[in-house]
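The values are calculated or read from the model by the stated rules, or taken from the named source; none is laboratory data. This one's a predicted model, so the numbers in the text were calculated from it and none came from an experiment. Here the Cβ is made from the backbone with ideal geometry for all residues, glycine too, and neighbour counts use every protein chain on show.
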Protein chains: 2
Amino acid sequence: MKLVESVNPRTGEPAGPGVSETPPAELSSALSLAKSAARRLAVEPITERAALLRAIADRLDDRAEELVPLADTETALGKPRLTAELTRATFQLRLFAETIEEGSFLDVTIDTPSPNAAPGPRPDLRRQLEPLGPVLVFAASNFPFAFGIPGGDTASALASGCPVIVKAHEGHPELSRRVGEIINSVVADHNLPAGIFTVVFGQQAGRDAVVDPRIKAAGFTGSTNGGRALYDLATGRLDPIPFYGELGSINPTVVTKAAARARGTDIATEFVNSFTLDHGQLCTKPGLLFVPVGHKLDSALAEAVSVVPPAPMVNARVAESYAKLSAELSAHSEVRSLITPRLHTEPGAWGVPCLFVTSAESFTESAETLAEECFGPSSLIVEYASTHELINALQAIEGSLTATIHGEQSDLQSLGPVLDVLRPRAGRLIWNDWPTDVPVAWATQHGGPWPSSTNPTHSSVGASAIRRWMRPVAYQAFPQELLPESLKDGNPLGVPRRIDGAIRR
Amino acid sequence: MKLVESVNPRTGEPAGPGVSETPPAELSSALSLAKSAARRLAVEPITERAALLRAIADRLDDRAEELVPLADTETALGKPRLTAELTRATFQLRLFAETIEEGSFLDVTIDTPSPNAAPGPRPDLRRQLEPLGPVLVFAASNFPFAFGIPGGDTASALASGCPVIVKAHEGHPELSRRVGEIINSVVADHNLPAGIFTVVFGQQAGRDAVVDPRIKAAGFTGSTNGGRALYDLATGRLDPIPFYGELGSINPTVVTKAAARARGTDIATEFVNSFTLDHGQLCTKPGLLFVPVGHKLDSALAEAVSVVPPAPMVNARVAESYAKLSAELSAHSEVRSLITPRLHTEPGAWGVPCLFVTSAESFTESAETLAEECFGPSSLIVEYASTHELINALQAIEGSLTATIHGEQSDLQSLGPVLDVLRPRAGRLIWNDWPTDVPVAWATQHGGPWPSSTNPTHSSVGASAIRRWMRPVAYQAFPQELLPESLKDGNPLGVPRRIDGAIRR
C-alpha cells in the first residue's frame, strides 16, 4: 500500500511514519456513508449542528499542545503562527455555529396564496436553501488548520448541513490524520453517523472522489494549475457539480504620489512585512507594488528585505517552485533585483526572500510572465511615470483576491479611474492597509475574478461561505405536516423570513 | 451573408424575410460596447435602472398588437397564450424593478471596526453584491417572450446592472429583431449607452460570444444537449465563467393509492390538461405519472388525450425530435400506448398527442431510455404495485425542475420516504397541484439538480434570479468618498443592511 509521507521542511528528514493512501474500496465506502448520512444531517435541528461545530472547536482547542507541534514539524510555519491559526480555525467553526443559529442563511421566502395576483393566480409558495449533499474539500498546504482539515470549507459545509469528505494535503498527513480522528470522535460523541465526516489520503482518492456521483460539490484552496485540473474534472462530469476553487492571486497594491511622498518609508517597511509574512506563503501576499518613479525608497526597501532571513517553506514542492519562479524573475531582462541574491545551502526546503523592480511600461509588455503569482517571499515593484502608465499596467493584470490603494486625502478626487480598473479585478478593495490578513466576519469577501477563484460569485471565508453548499428548494401548496420546521406557519424556529416581499422574524 | 430564416409551423412556409447572421466584426463591436457600458450601468442609480425596466415593459405592452401576431406566425403558440406570455414577461420586468428598489438584492453587510475582536483586530469592512459585467443570454424556442429576448435572463441581468447580449433563437428571428429594436429605442430614450443591450443572430455568434473574454456570465434555456455544449465552452475557457443553463426536466408526479381512489378521474383529466398544455412544450410538463396498479383510469385517460387534436410544434426541429422520441417509446417492448396512434400528414411541423404506460419494474430497468425527456404532448404512466417499487423507480430518475405528489390527508404520516427520494431530485416540490405553471414571485424556484440545471444553486425565474449575475465585493477601511452610495455611513439609499450581524434599514 502506498504511503503519503511528509518531510520536515527544516531538515529534509521524514516528519512521521506516513499515512496509507485511501484505497478505492475504502473511498467508495466513505462516499456511500456520506450519501446516506446526508439526509440525517440535513434534518438535524440547527441547534444540534451548531453544537457539533462548537464541540469540534472546543476539542481542537483542547488538543492545541499536541496539534501545533505536529503541524510545525510538517510545515515549519512556526508555533506562534500555528497557534494563532488554530485559534482562527476554531473561531471560524464558532462563527458558523452563530451564523446558522441566526437563521438568515436559510433565506426563507414565503409568498402567501393570491388567487387574483398578476400575471396569474399564485399558490402558497415557500422557499428556503437546503444542503446540496456530500461535499468534497481539498485541503491547502499553507494553512494546515484554517484551510486544512478543519478549515473554512469543512466548517461551512458542515454548517450548511452537508457531509464532508476532506482530501488531506500531501504536505501534512500526520496532522491531517490526527485532526480527522479528533473530529470523528466528536461526531461519535454527538451520536451522529460517521459518514458525515471522513478524511481521505492520496491524490488518486481526490481525483476519484471529485468525479463520483455521490459528491455534490467541491471546494479547493491551492495552486491555479492544481485547482484548474480538478475544476475541469468537476465540470466535465456527466452530471457537473459546483466547484469552488480559490487559486492564485497577485494582489496589486498601488501607492499614489502623495502617499509615497508623505509616508514612503513607512509604506516600504509595511510592504516588506506584508509580503514576507509567513514567508510569503499567503494567497493574499502583495505580489505587485505600483510606486511612482523617483520614489527614492530603494535603500529602505533593500534594507528591510535584507534583514528577513531565509526560512523553510511549507514543503519541497513549494520551495522548488519558488526557487524556479524567483530565478526567472531575477533573470528577466527588464527586471532588476533590489538586493543581492543570497545563497542558502542547508538541507530542507528553504526559500530566500527577494525583491524585484521593473518599469510600468515593461510590466505592461511582459505582463504574461511578470504578473504571474510567485508563491513565496518575493514581490515585484512596478514604477509608473504617470496615471496613464499606471492604468495601462493595471489593465494587464488578471483577477485577484484583493487590490489595495495607499493614498492621501488629496488623492480622493482623482482616484476614480484607478478604482475603476481595480474594481473588476478584485474581490476585496483595501485602503491604506495591507491585504495579507483576511478578517473572518459577516462582511468577509475572500474570492475574486479568475484566476483568483473558479467562481467569483461567492466567498470561501466568512459567514457567507455557507451559501456555496446550498440550493434553493420551493414547496408549493404543501401541507403543514410535510413542510420543514423553518417554513411552517407561526415560524416555530424563529428565523428571519421574507413574507410577500417584506422581511419579518 | 447567411440568413436566419423562420418557418410558419402551421404551413411550412417562410414566416418572414429572415435576419442576417451577426458577422464576427459586428459581434466584436457589440461586445466592446457592452464592456465599456458595464461601468456606466453599474453606477447608474438603482431608481434609473428600475425606470428602464418599467419603460421596456410599458413599450412592449404598447406593441402587443404588433408583437403577438409576429410571434404567432413564427411559433404557432396561439394568440391567447402569447398574449398571456407577453404579460408575464412584462410583469417580470416590473417585478425586477420592484426587487432592486427594495434593496436586499445588494446583500449589504457591514462590520464596524473592532480592534479587540477575536481572532484578531477587525478593520471596517463593507460588502455588497455588484454586477459581474456583460452577460450573454441564449433565448429559448418555446417562450419567445418570457424566456426570449425580453425574458427572465435578460430582465434579471439588466436589473443586476449587467449589460446584456441576447443570442436570438433560430425559431423566431423576425420577432427577436423587432423586440430588440423596441428595447434599443427605450435604452436610447433613457440616454443610456447602446452597448447595454444587443440582440445577435446565428449559432456561430452564440458560440463565439460564450468564449469571448468580454462576456462574464451566460444564461441559457433549452435542450440538454444544446445547453451542455455551451456549458462545456463556458467552463472550458481559459477564464471560465458562470453558466446558468436551464435544460431538460422530466417532472415526476406521484399519485398515492388514496388519491387515485378518492379522485382518480379528476386527476386523470387534470394530468392530460397539464401534459398537453402548450402542446407539451414546457420544461415543467409532467413527463412521468406514477399511479398505483389497478387504478382503472385507462379509459378516462385515453378519452382525455384523444380529444386533444394534433397541433403545430414551435419549429420543425422540435417536431422531428418529438416524432422520433415518441415513436421510440411507442416501439419499446415494455411500453404500451394508451391510445391508437393518429397520423398527421399536413405540411408544417405538427405533433400528435400520445400517452404511454409501463410498469414500475420495467421503468426501473429501462430508466435510461424511459426517463428521458420527450419534449412535446406525450407522457408516460408508470404503474407501481408497492411503495417499495415506487421508491425504486423514483430513485432511477435524474434531477428535475419539479416533483409533484397527489395525496390525501391519510397519506401524510407515510409519505416521508417518498418525499426523501423526491427532495434531492427537484427544485420545486408540489402538493395536489400541477407543475406546468411557474409562478413569478419572491419565493419562485425554477432550477434543480442536473440535468434540469447546470447549476442547482440558483433560480432562473423570480426575484432571486438577479443573484446569478452578481459577485460580492468588499471594501476595507475605505474612505466615505470612494464608497458606493449603498455602503456609505447614514445609509443614503435606505437599503436593508446587515450591520455587525444584525439586519437594519
Subject >> Matching residues, the stretch B:454-502, being of a type in the set (Gly, Ala, Ser) and more than 30 Å from B:Ser249 (Cα to Cα) >> reply: B:Ala474, B:Ala477, B:Ser486, B:Gly490, B:Gly494, B:Gly501, B:Ala502
Subject >> Options B:Ala118, B:Ala140; residue that is farther than 26 Å from B:Met470 by Cα, in contact with a Phe, Trp or Tyr (Cβ under 8 Å, 6 or more places away or on another chain) and among the aliphatic types (A, V, I, L, M) >> reply: B:Ala118
**OP:** List the helices (runs of 4 or more DSSP H) that sit entirely inside the stretch B:1-93 and contain at least 1 residues that are of a type in the set (Lys, Arg) and not assigned by TED's automatic domain parsing to the domain that holds B:His169.
**Re:** none
Subject >> Elements of type helices (runs of 4 or more DSSP H) in the stretch B:222-325, at least 3 residues being in contact (Cβ under 8 Å) with a residue 60 or more places away in the chain and over 30 Å from B:Arg471 (Cβ atoms) >> reply: B:257-276
Subject >> the stretch A:109-133: number of residues that are without any contact (Cβ under 8 Å) to a residue 24 or more places away in the chain and either aliphatic (A, V, I, L, M) or not assigned by TED's automatic domain parsing to the domain that holds A:Trp469 (or both) >> reply: 2
Original post:
Taking the stretch A:411-428, which residues are touching a Ser or Thr at 6+ places or on another chain (Cβ under 9 Å) and under 25 Å from A:Ser359 (Cβ atoms)?
Top reply: A:Asp411, A:Ser414, A:Leu415, A:Pro417, A:Val418, A:Leu422, A:Arg425, A:Ala426
Original post:
Quick check, is A:Leu106 within 22 Å of B:Ala426 (Cβ to Cβ), modelled with pLDDT of 95 or more and more than 8 Å from chain B (Cβ to nearest Cβ)?
Top reply: yes
Original post:
Restricting attention to the stretch A:473-503, and to residues there that are part of a loop (DSSP other than H, G, I, E, B) and more than 10 Å from chain B (Cβ to nearest Cβ), which single residue is surrounded by the fewest Cβ atoms within 10 Å (Cβ to Cβ)?
Top reply: A:Gly490
Original post:
Quick one: in the stretch B:195-211, which of the residues that are buried (at least 20 other Cβ atoms within 10 Å of the Cβ) and not in a helix (DSSP H, G or I) is farthest from the other protein chains (Cβ to nearest Cβ)?
Top reply: B:Phe201
**OP:** Quick one: in the stretch B:261-277, of everything that is charged (D, E, K, R) and farther than 16 Å from B:Leu355 by Cα, which residue is nearest to the chain's Cα centre (by Cα)?
**Re:** B:Asp266
Original post:
Which of the residues that make up the stretch B:463-472 are within 9 Å of chain A (Cβ to nearest Cβ) and either in contact (Cβ under 8 Å) with a residue 40 or more places away in the chain or surrounded by fewer than 22 Cβ atoms within 10 Å (Cβ to Cβ) (or both)?
Top reply: B:Ala463, B:Arg467, B:Arg468, B:Trp469, B:Met470, B:Arg471, B:Pro472
Original post:
If you scan the stretch A:60-85, which residues turn out to be in contact with an Asp or Glu (Cβ under 7 Å, 6 or more places away or on another chain) and touching a residue at least 24 places away in the same chain (Cβ under 8 Å)?
Top reply: A:Leu70, A:Glu74, A:Leu77, A:Arg81, A:Leu82
**OP:** Select from the stretch B:74-103 the residues that are in contact with a Pro (Cβ under 9 Å, 6 or more places away or on another chain) and more than 12 Å from chain A (Cβ to nearest Cβ) and write down the one among them that is farthest from B:Ser486 (Cα to Cα).
**Re:** B:Ala76
Subject >> A:Leu67 being within 14 Å of another protein chain (Cβ to nearest Cβ) and either closer than 26 Å to B:Ala117 by Cβ or modelled with pLDDT under 95 (or both) >> reply: no
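A quick yes/no check of all residues on (1) facing chain A (nearest Cβ under 10 Å); (2) touching a helix residue (DSSP H, G or I) at 6+ places or on another chain (Cβ under 8 Å); (3) closer than 22 Å to A:Pro113 by Cα; (4) in a loop (DSSP other than H, G, I, E, B):
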| site | (1), (2), (3), (4) |
| --- | --- |
| B:Phe356 | no, yes, no, no |
| B:Glu361 | no, yes, no, no |
| B:Ser379 | no, yes, no, no |
| B:Leu429 | yes, yes, yes, no |
| B:Ala441 | yes, yes, yes, yes |
| B:Trp450 | yes, no, no, yes |
Original post:
Looking at the stretch B:411-420, is at least one residue assigned to a strand (DSSP E or B) and under 15 Å from B:Phe290 (Cβ atoms)?
Top reply: no
Original post:
So, in the stretch A:416-427, of the ones that are among the charged types (D, E, K, R) and within 8 Å of chain B (Cβ to nearest Cβ), which residue ends up surrounded by the most Cβ atoms within 10 Å (Cβ to Cβ)?
Top reply: A:Arg423
**OP:** Please work out if B:Val179 is buried (at least 24 other Cβ atoms within 10 Å of the Cβ) and under 20 Å from B:Leu230 (Cα atoms).
**Re:** no
